[in-house]
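Read the figures in this text as sums done on the coordinates, not as results from a lab. This structure is a prediction, so every number in the text was calculated from the model and none was measured. Here Cβ is always computed from backbone atoms with ideal geometry, including for glycine, and neighbour counts include all displayed protein chains.
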Amino acid sequence: MSRPSDIYTHGHSASVLRSHTWRTVENSAGYLAEHLVDGAAVLDVGAGPGTISIDMAQRVGSGSVIGIELSQEVLIKARAAVPAEVTNIDFRVGDVYSLDFDDDSFDIVHAHQVLQHLSDPVSALREMRRVAKPGGVVAARDADYQAMFWAPSDPLLDRWMEIYQAVARSNDAEPDAARFLLGWASEAGFSEVEATASMWCFANDTDREWWGSLWADRMLDSALADQAIERGIATRSDLEGVSAAFRDWVDKPGAWFGVPHGEILAAG
């Protein structure tokens, strides 16, 4: 079977990496933390700029972490971010649909915000299952865009959701992946799946400014913005209006933004 020709909705512009480099085990993989024990061998799929991978490496001690990513450009940033004292990590170009590792190679195979961007997440999970050791776990966490909520309401933020959903689905991706993780894992052949949920909350002044400004920038300068215009989903004027709405939201009294995530720990 040929590899699916996936298109990454967000791309790797500065406005996107600003979000990705914020991520740590604590804020993005807490459900997995107790499994990151000394000596564990970890594969981090879709490692991006590497902040979660590096955090994992610091936690597994005598173990090791390999982070893979399709983009060589972003891996350069990941390698540059590794502290000198962290010597148990390696970043490589890799493809989740065809992992270049033997069967039963890792104690933990992890993917954060990856499956939502794939046209065939079940095949990806099967491949992740193949390289996980007996007794190991496959861990995945993804957001659910349609379940995101914010206050106060704003028609332009509703328009943001419409644009995002349309662009993601035009890539044959599933922006509401969180709600499907359990079903995908079962379809991929896992016999034991623990499903949980958690969320990011942006409600204090600092968090609102960070979240609102990065989306304001992303709506004007990212692969998402380019795809929306190229495919006739939105005009430049639409994107400018949504961008301005995010900046306005930051300063509104009582502003709140919730980002729900689904999580799975799968084995067997």
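Using only the Cα atoms of segment 36-157, each taken as one equal point scatterer with no solvent, compute I(q) by the Debye sum, divide by I(0), and report log10 of the ratio at q = 0.18, 0.22, 0.23 Å⁻¹. Ignoring solvent entirely, the Cα scatterers give -0.91, -1.24, -1.33.
Short-range pairs are left out: with C-alpha atoms under 8 Å and at least six residues apart, the relative contact order of the chain is 22 percent. Distant-in-sequence amide contacts of Phe91, defined by a placed amide H-H separation under 5 Å and a gap of 5 or more residues or a different chain, comprise Gly67. Amide H contacts of Val114: Arg141, each under 5 Å away and 5 or more positions distant or on a separate chain (H built 1.01 Å from N in the peptide plane; Pro and chain starts excluded). The distance from the alpha carbon centre of segment 233-258 to that of segment 79-142 is 34 Å, rounded to a whole number. Distant-in-sequence amide contacts of Lys133, defined by a placed amide H-H separation under 5 Å and a gap of 5 or more residues or a different chain, comprise Ser105, Phe106, Asp107. Relative contact order, whole percent, for segment 162-268 stands at 46, derived from Cα pairs under 8 Å and 6 or more residues apart. In nm, to one decimal, how far is the Thr87 label point from the Ser170 one, both placed 7 Å along Cα→Cβ? For Thr87 paired with Ser170, the spin-label model returns 5.0 nm. Hey, what did segment 59-189 get for relative contact order, percent, Cα under 8 Å, at least 6 apart? Relative CO of segment 59-189 lands at 24 percent. The angle between the Cα long axis of helix 121-131 and the main principal axis of the chain comes to about 30°, on a 0 to 90 degree scale. With a simple spin-label model that places each label point 7 Å from the Cα along the Cα-to-Cβ direction, the separation between Glu34 and Ala14 comes to 4.3 nm.
Shown in residue order for segment 38-50 are the 3J(HN,Hα) couplings computed by the Karplus curve 6.51 cos²θ - 1.76 cosθ + 1.60 at θ = phi - 60°: 3, x, 5, 9, 10, 10, 9, 8, x, 5, x, x, x Hz (x for Gly and Pro). Computed from the Cβ-Cβ distance with R0 of 25 Å, the FRET efficiency linking Glu73 to Glu240 stands at 0.35.
What share of Cα pairs, in percent, lie more than 22 angstrom apart in the chain?
Values: 20041 of 35778 pairs.
Tail of the P(r) past 22 Å holds 56 percent of the pairs.
Rank by packing, highest mean first: peptides 155-166, 176-187, with packing defined as the count of other Cβ atoms within 10 Å averaged across residues.
Descending packing order for the listed peptides: 176-187, 155-166.
For a protection proxy built on the mean count of beta-carbon atoms within 10 angstrom, sort 104-110, 73-79, 148-154, 168-174 highest first, please.
The densest-packed peptide leads the list: 104-110, 168-174, 73-79, 148-154.
Converting phi to 3J(HN,Hα) with the Karplus coefficients 6.51, -1.76 and 1.60 and the offset θ = phi - 60°, segment 152-159 yields x, 5, 7, x, 6, 6, 4, 5 Hz in sequence order, with x at every glycine or proline.
Within the shell defined by Cβ-Cβ distances under 13 Å, the residues around Ile76 carry a net charge of +1, with Lys and Arg each +1 and Asp and Glu each -1.
Test of understanding: express the Cα radius of gyration of segment 196-268 as a ratio to 2.2 N^0.38 Å, with N the residue count. That works out to 1.38 for segment 196-268. The phi-based Karplus calculation (6.51 cos²θ - 1.76 cosθ + 1.60; θ = phi - 60°) puts the 3J(HN,Hα) values of segment 217-230 at 5, 5, 6, 10, 9, 5, 4, 4, 4, 4, 5, 4, 6, 4 Hz, whole numbers, x for Gly and Pro.
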